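Taking it in order: structure first as structure tokens, then the write-up.
The values are calculated or read from the model by the stated rules, or taken from the named source; none is laboratory data. As the structure is a prediction and not an experimental result, all values here were calculated from the model. Reconstructed Cβ throughout: ideal geometry from the backbone, glycine too, with neighbour counts over all protein chains shown. Please note that ligands, DNA and RNA were not included when accessible areas were found on the heavy atoms of the full protein model with its side chains. Shrake-Rupley method; radii C 1.70, N 1.55, O 1.52, S 1.80 Å.
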Amino acid sequence: ELKEIVFIIQSQSNSFHSKRAEDLKRDILKQAADLGKELPTVLLIHQMDRHEGAWTILPLMRDFSVTYGRNSSWIFFCEEGTRIQIVKLLETLRRFDRSKEWFLGKALYDEESTIIHHYAFAENPTVFKFPDFAAGWALSIPLVNKLANKLKSEPLKSDFTIDLKHEIALYIWQKGDGPHLTPVPEFCTDDANSYKVNHCATTFSNFLPLCGEPVKKEDVFVAVKTCRKFHGDRIPIVKQTWEREAALIEYYSDYAEISIPTIDLGVPNTDRGHCGKTFAILERFLNQSSSRTPWLVIVDDDTLISISRLRRLLSCYDPNEPVFLGERYGYGLGTGGYSYITGGGGMVFSRIAVQKLLASKCRCYSMDAPDDMVLGMCFSGLGVPITHSPLFHQARPMDYPKDYLSHQIPVSFHKHWNIDPVKVYFTWLAPNTEDSFDGKKAGYNREDL
């Protein structure tokens, strides 16, 4: 029965995202009402956020078990861009015996072992399947109860959350003692208008949102972090690829080189962390970018980014809100911890977020502290939420499953390691290869990149 399904929307508190999640909730409830069914429970994760780690889902299992463990059959998770055909979803779930432990989803797998999964299953990474959250995924209540009991006796370890979908699948699998993901062909990520979706219980519509005109080029200030030893090899790549898309761009280094030009911030280079340099960039943005530019993007010198896509994405965000946007990671979320935007994929700030941060006096505990983590800690203390977008990527295209990238129009990738970065840029990010943004796939060849 529909009333035995608890829908959990993996929502965020930023106004753009919370509105999309509320729209999806309304749609689910309307479909249920139109069927004359008793209404199911529909919850938004950001409204359950009694602790910073709610978005990582596992800490919520005990609550789910206590509240829904007796009267429900399934917990069904989805993203704000997931579209659900309730009748087909009911038909699909009825194929599975709800008294057993089930972990259902659209299966992704690594084609080669990858750093973002700590090189797991290096012998044959294709054997381990994990769910594409965009297609929706489901846990039967017996499995939820089992996970809740395990969490009672063994609290979650306090370390990094990097790729939640993989980490949840690993936790459920329990080194072979728990269930594997069962692939469900009705959980789809095709666009709702695609001819392929007749059999689908779910579809996905989050290629690259547009909420009015893209923000103006002059409204995005781009800061590139570099250092003298990379002037010769990394900066020429930026100049060959995405620099021309940026109207306002400065290169910040430990050495002023007129030919680039780089600006010496007076902060010595550190081998790691770069916290001192990043905070100097934030101060400079506030005090010297006289045009009152509403948006700041900080990238590494080996980040590949599409500024035109970023401008389109930013049309959905209110620069009068404190926005801190990029790819979200977590640290120590099982025990309080905080979320942060990982630096390599690019960190986007509204001016108001930078003002709040610098007014707070929260600063680096050392010059080589990890800048992205310190920023996460500071914003967490200020109550400014991290806003996650899966279109920013801390790693290279080949570090992600092809099927995962196939329903994205990516904004960034990171690292030049073992790739031709110019080729990656022109294959994945360049404006002249840009999709028509109506959900059709690009006509260029992404081959093995």
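Tabulated data
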read-out: Search result, residues across segment 77-94 that are without any contact (Cβ under 8 Å) to a residue 60 or more places away in the chain and either farther than 19 Å from VAL144 by Cα or part of a helix (DSSP H, G or I) (or both); value: VAL87
read-out: Residues of segment 344-368 classified as open to solvent by less than 10 Å² (accessible area, probe 1.4 Å) and either without any contact (Cβ under 8 Å) to a residue 60 or more places away in the chain or on the phi < 0 side of the Ramachandran plot (or both), total; value: 9
read-out: Selected residue (criterion: surrounded by the fewest Cβ atoms within 10 Å (Cβ to Cβ)) from residues of segment 60-75 that are part of a helix (DSSP H, G or I) and over 22 Å from the mean Cα position of the chain (by Cα); value: VAL66
read-out: Test: residue in segment 41-48 that is more than 24 Å from LEU333 (Cα to Cα), more than 28 Å from the chain's Cα centre (by Cα) and either open to solvent by 30 Å² or more (accessible area, probe 1.4 Å) or free of Cβ contacts under 8 Å to residues at least 60 places away in the same chain (or both); value: no
read-out: Check on SER140, under 16 Å from ILE5 (Cβ atoms), in the same structural domain as VAL197 (by the TED database), buried (at least 23 other Cβ atoms within 10 Å of the Cβ) and of a type in the set (S, T, N, Q); value: yes
read-out: Where CYS78 falls short, out of the listed (1) under 18 Å from ALA169 (Cα atoms); (2) out of contact with any helix residue (DSSP H, G or I) (no Cβ under 7 Å at 6 or more places or on another chain); (3) open to solvent by 30 Å² or more (accessible area, probe 1.4 Å); value: (3)
read-out: GLU283 being in a strand (DSSP E or B), under 24 Å from MET373 (Cα atoms) and open to solvent by 40 Å² or more (accessible area, probe 1.4 Å); value: no
read-out: Only one of LEU181, LEU164 that is assigned by the TED database to the domain that holds THR56, touching a strand residue (DSSP E or B) at 6+ places or on another chain (Cβ under 6 Å), surrounded by 13 or more Cβ atoms within 10 Å (Cβ to Cβ) and not hydroxyl-bearing (Ser, Thr, Tyr); value: LEU181
read-out: Members of segment 307-332 found to be within 23 Å of ILE116 (Cβ to Cβ), in contact with a helix residue (DSSP H, G or I) (Cβ under 7 Å, 6 or more places away or on another chain) and buried (at least 24 other Cβ atoms within 10 Å of the Cβ), listed by number; value: PHE324, GLY326, GLU327
